[in-house]
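The values are calculated or read from the model by the stated rules, or taken from the named source; none is laboratory data. Just so it is clear, the model here is predicted, and its values are computed rather than measured. Glycine also receives a Cβ, built like all others from the backbone with ideal geometry; neighbour counts cover every protein chain displayed.
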Amino acid sequence: DWAGSQADRRSTSGYCVLIGGNLISWRNKKQNIVARSSAEAAYRAMAAAACELTWLR
């Protein structure tokens, strides 16, 4: 959701972690910074999901 918030132009990131079809973790959060592009917003969301997967491992 690149710059989806009209008030502060911040993007919203979200992800779900499934193992064997079962939901074990999820997160939906407004990003801390204003992304300059949709690619940057997607990269930040991917990095947050990768951190969660590393922690779960």
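State yes or no: is ARG44 modelled with pLDDT under 90 and either outside any loop (DSSP other than H, G, I, E, B) or not hydroxyl-bearing (Ser, Thr, Tyr) (or both)?
The answer is no for ARG44.
Find all pairs meeting these conditions: Cβ atoms under 7 angstrom apart; at least six residues apart or on different chains; first residue within region 41-55 and free of Cβ contacts under 8 Å to residues at least 12 places away in the same chain; second residue surrounded by fewer than 11 Cβ atoms within 10 Å (Cβ to Cβ).
Between residues of region 41-55 that are free of Cβ contacts under 8 Å to residues at least 12 places away in the same chain and residues that are surrounded by fewer than 11 Cβ atoms within 10 Å (Cβ to Cβ), there is no close pair.
Do you know which residues across region 29-57 are among the hydroxyl-bearing types (Ser, Thr, Tyr) and either farther than 24 Å from TRP2 by Cβ or loosely packed, with under 10 Cβ neighbours inside 10 Å (or both)?
Result: THR54, single match.
Considering only residues that are of a type in the set (A, V, I, L, M) and either more than 22 Å from THR54 (Cβ to Cβ) or surrounded by 12 or more Cβ atoms within 10 Å (Cβ to Cβ) (or both), which ones fall in region 1-28?
Scanning region 1-28 gives ALA3, ALA7, VAL17.
Any chance you could count how many residues in region 6-40 are in a loop (DSSP other than H, G, I, E, B) and free of Cβ contacts under 8 Å to residues at least 12 places away in the same chain?
The total comes to 5.
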